[in-house]
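What follows is a set of notes on a single structure, which appears directly below.
The values are calculated or read from the model by the stated rules, or taken from the named source; none is laboratory data. For clarity, every value in this text was computed on a predicted model and none was experimentally measured. As a convention, Cβ positions derive from the backbone with ideal geometry for all residues, glycine included, and neighbour counts pool all protein chains shown.
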Amino acid sequence: MPARLIAVAHTIFAYAAFFLALGFGCTFSYYKIVQNEHYGYPEEWIPSVSATTGDRYPARAVFQIFIALTSGPRFALVFLWYLFTTKSARTSSTAFGKFLLAVGLIRTVSCGGWVYITSSDDHDTHDIAMILYLLCTLPWQLGVWKTTPKSNVTSRKWRKLFTLLFFGTLPPMIYYFIGHKVHRIPGAYTKYAFFEWSLIIYDVAFDAVSALDFQKFELTVRDLSSYHGHEDLDEDKRGDRLDIPKSPKAWAKLQGYIAEIYFGMKPWYFPLFNMGISGYEVLLLVTISPFLLGNRSIQTNVYKNRFLFHMISLAGIASYLIETPSIRLIITAFGVSVSVMTWTATFIGSSGDPVKFERNILIWGTGLLFFNLVKLAWATESPIWPTMKASTGGWNGTGLLLGIAAAISCMITNKKDEKFQGGSLSSPLLKSAPSKNTSWLYAALGFGSLLFALHSMFTDSSLIMRWTVAGYPNYGPSPVPWGVITIFFLSVGLVLSFNQELAANGFWYGFGCLSCLIFYGCSGWLGYIGGLLLGMYSMSLLILMTRAITMHASQKSLLTAYMVYNFLCLAHVWVVAYEFVPGGVYARERTNWVLFSTMLFLGLGVYNARSIVRPQRPEKQMHRNLLQEVRSHIGIFLGTILACSSIISFGRIITSHGIVPYHPEQKLFTAGIWTIHFALDNDMWASERRMRDAIRDLELDVVGFLESDTMRIIMGNRDWAQYIAEDLGYYIDYGPATMKHTWGCLMLSKFPIKKSEHHLLPSPVGELACAIHATLDVYGQDVDFIVSHNGQEENPLDRQQQTTELARIMRESQNPFVFLGYVVTKPLQPLYHTLFDDGRMHDIEPSDDDRWCEYIGYRMLDRVGYARVTHGGITDTEIQTGKFRLESGDLQQWRPSYSKVGETEIAPELRYPEVFKNEGIRNHRFHVLPNNEPIYYKSSH
């Protein structure tokens with residue numbers, strides 16, 4: 001039968017599914033399917049695709065029946081395109097054809113995900129399947145267009161048109177969706193729906209073009225039993241006719257990629273092992289080790305034995321075996337220095353061969369994406385970092401064994417290649433001579449700033465979200481599932497790096513600068529979009545910038561490049577740590593200077609590299625074929641990383657716990673405040689699991705964390721609260737964005753967050769103080785909470801103004817209120833009275849005169865209990881908690897009772913957990929208060 005009939009059948013069934021559903025939906029349920037969460041008819045008068053196809057019978061049934069009929073032609077179409085491009089028209093290599101086949105199959109299955117699991121069934125699963133479908137659409141459409149025979153001019157023209165229309169429709173569609181979802185603009189959803197339906201038209205039409213390509217392509221069914229000698233045909237089926245590789249060569253190549261990609265995730269680490277200035281900060285400078293490669297002998301030996309050096313660098317992973325933080329830091333720094341030097345030697349040593357050079361750069365870039373994937377799987381921790389161990393969720397031993405196996409595998413493969421090529425790999429290839437028009441200084445500035453941009457903003461899929469987070473309801477994207485989109489845009493940037501002419505284009509640089517401006521100047525979703533575009537731009541420069549620095553692989557250029565990286569790393573910490581470093585006042589709140597310097601240095605690097613683009617293009621046909629093979633292999637790994645990230649996000653959603661308060665029957669809630677020193681305990685191990693256990697056992701419904709912003713290089717770019725929120729079931733408010741230059745405050749809540757405002761409290765002299773003012777829906781009642789961290793003891797003017805501002809916020813609220821903060825004063829001192837008296841608040845226990853810094857206040861609530869709990873070695877600050885119930889009657893006239901009662905007079909379900917009495921649990925116990933036990937209060941009723 002003619003193969004074009006498959007494309008025709010696919011088109012008929014697909015269009016019938018959508019537009020028959022639209023007809024039935026508008027006929028039987030029009031007013032219901034145009035209704036959304038904000039508006040209905042007449043403000044909204046076109047239903048969305050998901051509302052039409054998934055919400056109502058009979059439209060849903062009609063759609064699902066016809067889309068099921070579409071699946072057969074769809075799978076056939078994907079497989080036929082593979083056969084057509086690799087066997088018939090031969091417009092694609094077998095490797096790329098298989099990659100495209102895999103993308104097509106994943107795309108088809110994910111379509112089934114959002115078709116048969118509707119948004120009303122499971123909103124998150126529906127969205128993840130839809131995201132995966134859209135992610136696969138880009139490589140599918142570009143790949144099909146690329147492999148369309150050049151002789152089929154009409155097909156190429158239509159495919160190009162539909163691809164441009166499809167992706168050109170996405171920006172306005174997203175714009176109107178944000179207008180509906182965030183700004184709640186009447187009619188915005190109807191405009192969004194117009195673009196959404198047009199996507200369906202373009203998507204199906206793109207695949208319909210296959211009918212033009214399959215004009216002379218047929219399917220034949222043969223009954224082999226009617227032939228003599230069918231054993232030969234069976235032999236053909238086993239591989240010869242379909243060109244299935246009989247040797248493990250293809251797998252050996254992929255195995256080599258896997259091993260080297262593993263090493264590509266190792267250089268991205270952080271040096272925090274002490275909470276104050278200790279002198280160990282100098283170890284940040286270990287990354288200048290590549291300047292040693294300016295010596296030709298060292299360069300040759302490192303390149304020749306690069307996989308041995310990769311094995312030596314595993315000392316950084318093995319350092320988890322050392323308990324003493326300072327020694328562990330020194331060993332880690334050594335491992336990082338060796339890893340950075342080895343990768344740089346690899347780039348320099350292969351710079352004379354354009355294929356091997358690009359392969360190494362792409363593997364390194366893919367290693368960064370793999371790093372993002374691993375951190376997504378471990379809720380932003382890396383399981384092989386030396387701040388991890390088995391009890392904190394680390395897989396250090398496994399990581400070490402994998403590293404050793406990877407190094408040995410690469411050594412064996414490298415030896416085989418040397419033997420095959422007559423020993424040509426035993427020493428570095430001569431690097432390309434630099435052009436007279438290029439500058440070693442500009443090359444160094446560009447490469448160093450690119451390293452900083454990638455490390456500071458794109459070594460975790462949630463980083464740019466936390467740099468731009470805003471208060472509710474315009475909070476911005478959540479790490480799950482939107483971290484997948486971050487990885488996708490970084491992957492697109494890596495693919496764009498293939499085109500060095502684009503990377504060196506001045507307009508493309510302007511696009512990067514505009515993206516950085518949006519990222520810095522906007523918050524929430526718009527800031528995140530700017531960050532996505534900036535990440536895509538940064539990744540697109542990998543090959544170009546690395547090629548430029550390898551042309552000037554002298555000691556001065558390499559030293560300058562890595563010193564620029566180190567200087568920017570320090571600067572982006574100084575903007576918030578200015579109180580603790582010499583001359584820090586000049587860096588105060590100057591993230592704009594850091595980003596401006598980064599983009600300026602990148603611009604100089606791009607300008608310098610423009611003259612080296614053309615001479616570096618491989619002219620030999622063999623080189624072009626090998627380069628295409630390398631890019632195809634990288635495409636397979638990028639597709640795998642994207643698929644895995646989608647699966648991991650889906651898994652994190654379905655395994656996360658529901659959000660339910662601990663004692664809803666009694667309408668009781670327990671609030672707490674804790675200063676956690678960046679989620680590293682006193683021995684510098686990651687502490688989120690121990691923190692989780694403590695707040696779970698204390699049954700905290702609302703908890704404020706202080707010194708919580710870990711989204712800088714120095715703190716590891718770790719969004720640690722994700723793990724606790726998912727595992728225990730909390731809503732999360734990250735607090736002021738990383739771009740706001742504070743040490744951070746964060747709130748977890750068992751109650752829905754209706755709105756929140758992130759405050760930067762007045763700080764004329766000292767470090768910036770932050771506060772979250774949130775309104776929670778507590779059992780149907782609006783209750784306000786403040787989580788705040790005031791400035792240092794050394795700056796009394798700051799603390800006075802900050803406390804006055806907190807009092808104003810609390811005084812002006814008419815809701816019941818809970819204050820959870822760090823005020824830096826002793827009880828009954830002037831600032832204490834400013835906070836509580838001027839703020840119309842009550843101290844949870846005025847007789848507790850042993851407190852310093854942490855306080856709990858409340859208003860218009862029935863105070864049930866108060867307890868102080870030891871920190872258990874997780875930090876140097878205790879946990880303070882209070883139990884409250886909603887009051888009834890006239891709240892404005894309510895006054896608290898200070899009458900205390902014994903524990904036996906309190907209902908068991910209102911008491912604190914017994915496990916914290918006496919010796920406690922995991923070094924957490926009640927302390928300080930009389931008899932080292934909680935205090936309970938007589939009800940105000």
### Query
Right, G716: modelled with pLDDT of 95 or more, buried (at least 23 other Cβ atoms within 10 Å of the Cβ) and small (G, A, S) or not?
no
### Query
Is one or more of the residues making up the stretch 866-877 within 42 Å of the chain's Cα centre (by Cα), within 20 Å of V702 (Cβ to Cβ), in the same structural domain as F926 (by TED's automatic domain parsing) and among the acidic types (D, E)?
no
## Note on the structure
Pairing a residue in the stretch 22-41 that is under 13 Å from T53 (Cα atoms) with any residue that is of a type in the set (F, W, Y) and in a loop (DSSP other than H, G, I, E, B), where Cβ atoms lie under 6 Å and the two sit 6 or more apart in sequence or on different chains, gives V34/Y41; V34/W45
### Those residues of the stretch 77-93 which are over 36 Å from the mean Cα position of the chain (by Cα), surrounded by fewer than 21 Cβ atoms within 10 Å (Cβ to Cβ) and assigned to a helix (DSSP H, G or I), in sequence order
L83, K87, S88
### Failed criterion for P47 (all others in (1) in contact (Cβ under 8 Å) with a residue 40 or more places away in the chain; (2) in contact with a Gly (Cβ under 7 Å, 6 or more places away or on another chain); (3) in a helix (DSSP H, G or I) hold)
(3)
### Task
Kindly indicate the residue of the stretch 809-851 that is touching a residue at least 40 places away in the same chain (Cβ under 8 Å) and among the charged types (D, E, K, R) and also nearest to S756 (Cα to Cα) among those meeting that condition.
E845
### Task
May I ask you to say which residue of K389, K375 is touching an Asp or Glu at 6+ places or on another chain (Cβ under 7 Å) and modelled with pLDDT of 90 or more?
K375
### Message
So H126 ticks every box in (1) buried (at least 19 other Cβ atoms within 10 Å of the Cβ); (2) within 22 Å of H10 (Cβ to Cβ); (3) modelled with pLDDT under 80 but one. Which box is left unticked?
### Response
(2)
### Message
Out of everything in the stretch 525-546 that is of a type in the set (A, V, I, L, M, F, W, C) and within 19 Å of F357 (Cα to Cα), what residue ends up being surrounded by the most Cβ atoms within 10 Å (Cβ to Cβ)?
### Response
L541
### Message
Of everything in the stretch 165-191, what is assigned to a helix (DSSP H, G or I), free of Cβ contacts under 8 Å to residues at least 60 places away in the same chain, of a type outside the set (D, E, K, R) and in contact with a helix residue (DSSP H, G or I) (Cβ under 6 Å, 6 or more places away or on another chain)? Give them in sequence order.
### Response
L165, F166, T169, P172, M173, Y176, F177, G179, A188
### Task
Select from the stretch 1-40 the residues that are outside any helix (DSSP H, G or I) and under 38 Å from the mean Cα position of the chain (by Cα) and write down the one among them that is surrounded by the fewest Cβ atoms within 10 Å (Cβ to Cβ).
E37
### Query
Hey, does the stretch 558-574 have a residue that's out of contact with any Leu (no Cβ under 7 Å at 6 or more places or on another chain), touching a residue at least 24 places away in the same chain (Cβ under 8 Å) and of a type in the set (S, T, N, Q)?
no
## Note on the structure
By residue number, the members of the stretch 689-702 that are under 11 Å from Y723 (Cβ atoms) and either crowded, with 23+ Cβ neighbours inside 10 Å or outside the structural domain of I724 (by TED's automatic domain parsing) (or both) are M691
### Output for the stretch 133-183, where each listed residue is within 30 Å of Y472 (Cβ to Cβ) and in contact with an Asp or Glu (Cβ under 8 Å, 6 or more places away or on another chain)
M173
### Query
Does S71 satisfy the condition of being at pLDDT 80 or above and either in contact with a helix residue (DSSP H, G or I) (Cβ under 8 Å, 6 or more places away or on another chain) or assigned by TED's automatic domain parsing to the domain that holds G112 (or both)?
yes
### Message
Here is a list: S339, S351. Which entry is in contact with a Phe, Trp or Tyr (Cβ under 6 Å, 6 or more places away or on another chain), touching a residue at least 60 places away in the same chain (Cβ under 8 Å) and among the hydroxyl-bearing types (S, T, Y)?
### Response
S351
### Message
Pairs needed: first member in the stretch 614-636, farther than 20 Å from G365 by Cα; second member anywhere, part of a helix (DSSP H, G or I) and at pLDDT 70 or above; C-beta distance under 6 Å; at least 6 residues apart or different chains.
### Response
P618/P354; P618/R624; P618/L627; H623/V355
### Query
Looking at the stretch 724-821, what strands (runs of 3 or more DSSP E) fall wholly within it and have at least 3 residues that are surrounded by fewer than 24 Cβ atoms within 10 Å (Cβ to Cβ)?
753-761, 769-778, 781-789
### Task
Tell me, please, whether a residue that is surrounded by fewer than 22 Cβ atoms within 10 Å (Cβ to Cβ), part of a strand (DSSP E or B) and more than 24 Å from the chain's Cα centre (by Cα) can be found in the stretch 618-636.
no
#### Entry: Conditions (1) among the hydroxyl-bearing types (S, T, Y); (2) surrounded by fewer than 21 Cβ atoms within 10 Å (Cβ to Cβ); (3) free of Cβ contacts under 8 Å to residues at least 40 places away in the same chain: number failed by Y133
(2)
### Query
Name the residues in the stretch 474-532 that are among the aromatic types (F, W, Y) and either touching a residue at least 24 places away in the same chain (Cβ under 8 Å) or over 21 Å from L544 (Cα atoms) (or both), would you?
Y475, W482, F488, F489, F498, W508, Y509, F511, F519, Y520, W525, Y528
### Query
Exactly one of (1) touching a residue at least 12 places away in the same chain (Cβ under 8 Å); (2) over 28 Å from E903 (Cα atoms) is unmet by G780. Its number?
(1)
### Query
Among L728, L768, L760, L748, which is the only one that is in contact with a helix residue (DSSP H, G or I) (Cβ under 8 Å, 6 or more places away or on another chain), of a type in the set (A, V, I, L, M) and farther than 20 Å from Y822 by Cβ?
L728
### Message
Step by step: first the residues of the stretch 94-122, then only those that are aromatic (F, W, Y) and buried (at least 22 other Cβ atoms within 10 Å of the Cβ), then the one that is farthest from L69 (Cα to Cα). Which residue is that?
### Response
F96
